[in-house]
Amino acid sequence: TMNIKTILILLISVVGFSIDAAADDHASSSQRPVELWVCSFNDGKSMDDLDDWYKDFNKFADNMKNSQVNSYMWVPNFVSDLDRADVILTFSFPSLTAMGQTMDEFFGSKGGSALFQTYQDILDCSGREIWQVSERRNIN
């Protein structure tokens with residue numbers, strides 16, 4: 001089991017995953033850090049609990065000075081190992097600097113620490129990864 005700070009850092013990282021491409025409608029090749037948390041629900045917890053957590057997280061993030069983070073929740077539909085995880089949460093940032101600033105503010109605050117504790121009460125995350133992602137196609 002990962003410690004709370006590590007899980008939150010991953011969670012926040014993935015949120016930045018969805019950032020618009022360059023204004024000229026061409027795909028941007030710049031890389032962005034995306035954090036992935038591979039998780040299963042703890043006993044007695046469900047998607048409803050996670051949805052409630054996201055409501056609280058979004059309210060908190062809206063009031064952060066450094067809240068340049070996007071988040072996606074991936075739910076397995078067809079994967080090679082259906083028992084690996086119930087969800088994968090992603091947090092994406094426009095840059096490594098923005099990721100660090102957002103994580104510092106989130107994990108360094110009482111509100112962020114409390115949110116991360118609730119997150120750990122809901123989910124057991126067996127994996128955490130940070131990837132550099134670059135967009136290669138944008139239909140907008």
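The values are calculated or read from the model by the stated rules, or taken from the named source; none is laboratory data. Please read all numbers here as calculations on a predicted model, not as lab measurements. Ideal geometry is used to build each Cβ from the backbone, glycine not excepted, and the neighbour counts take in all protein chains shown. Quick note on the areas: whole protein, heavy atoms, side chains included, nothing else; ligands and nucleic acids left out. Shrake-Rupley method; radii C 1.70, N 1.55, O 1.52, S 1.80 Å.
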statement: Residue-ordered couplings for segment 115-127, obtained by feeding phi - 60° into the Karplus form 6.51 cos²θ - 1.76 cosθ + 1.60 and rounding to whole Hz (Gly and Pro as x), are 4, 5, 4, 4, 4, 5, 5, 8, 10, 10, 9, 8, x
- prompt: Just in segment 54-137: which chymotrypsin sites (Phe, Trp or Tyr not before Pro) are loop by DSSP and have at most 11 other Cβ atoms within 10 Å?
  reply: PHE78
field: All aspartates and glutamates inside 12 Å of LYS65 as judged from Cα atoms, apart from same-chain residues fewer than 8 positions distant
entry: ASP104, GLU105
- request: With no solvent and one equal point scatterer per Cα, compute the Debye intensity ratio I(q)/I(0) for segment 100-140 at 0.16, 0.19, 0.35 Å⁻¹ and report its log10, rounded to two decimals.
  value: -0.65, -0.77, -1.08
- request: Calculate the spin-label point distance for ASN140 paired with THR118, positioning each point 7 Å from the Cα along the beta-carbon direction, and give it in nanometres.
  value: 2.8 nm
- request: Can you send over the solvent-accessible area of ASP49, 1.4 Å probe, protein chains only, in Å² to the nearest 10?
  value: 50 Å²
message: Once you order the gyration tensor axes a ≥ b ≥ c over the Cα atoms, which shape class does segment 53-140 get: rounded for a/c under 1.5, otherwise prolate or oblate by comparing a/b with b/c?
response: oblate
query: Within the accessible area of segment 59-130, what % is carbon and sulfur when the probe is 1.4 Å and the other protein chains stay in place?
result: 48 percent
message: One quarter of the convex hull surface, Cα atoms only: what value does that give for segment 36-79 in nm²?
response: 4.1 nm²
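Around ASN63, with a cut-off of 15 angstrom between Cβ atoms, what is the net charge of the other residues, counting Lys and Arg +1 and Asp and Glu -1? List each step's numbers first, then the result.
On the way: positive: LYS55, LYS59, LYS65, LYS110; negative: ASP56, ASP62, GLU105.
Taking every other residue near ASN63 into account, the sum is +1.
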